[in-house]
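As structure tokens, the structure follows; a few thoughts come after it.
The values are calculated or read from the model by the stated rules, or taken from the named source; none is laboratory data. Owing to the predicted nature of the structure, the values given are computational and were not obtained by experimental measurement. In this analysis, Cβ positions are derived from the backbone assuming ideal geometry, glycine residues included, and neighbour counts consider all displayed protein chains. Surface areas here come from the heavy atoms of the whole protein model, side chains and all, with no ligands, DNA or RNA. Shrake-Rupley method; radii C 1.70, N 1.55, O 1.52, S 1.80 Å.
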Amino acid sequence: MVSQDLLPVRDAFDAIGHKVSSTAIWRYCTAGINGHRLRNWKIGNSRKTTIEEVLKFCEAVGSGSPPPAAAKTSKRHRQQIEAELDRELEPESK
């Protein structure tokens, strides 16, 4: 990877046409979603990644679109969202 490929994480999501909150960025880089973390590098005071890594992350956690952003929701609603994401990630039985 060449250093000019690295972008601030927010810019990498913007480049593929998706707006994400700072909270979501932090979660994607640190805790991840369903065992998938966005590959990133902390350089100075900011986290950097590539557009390719964002696309890989989005594909790993869903249908190629970014995962849901952090929202103020009830515990029950969060559980419903997590169940939906789990169903999307389950392999289809034939």
Enumeration of residues in the range 32-57 that are modelled with pLDDT of 90 or more, open to solvent by 70 Å² or more (accessible area, probe 1.4 Å) and outside any strand (DSSP E or B): Arg37, Arg39, Glu52, Leu55, Lys56
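Quick one: which of Gly17, Gly64 is surrounded by fewer than 17 Cβ atoms within 10 Å (Cβ to Cβ), at positive phi and modelled with pLDDT of 80 or more? Lay out the reasoning, then the answer.
Values: Gly64 fails: modelled with pLDDT of 80 or more.
After ruling out the rest, the residue left standing is Gly17.
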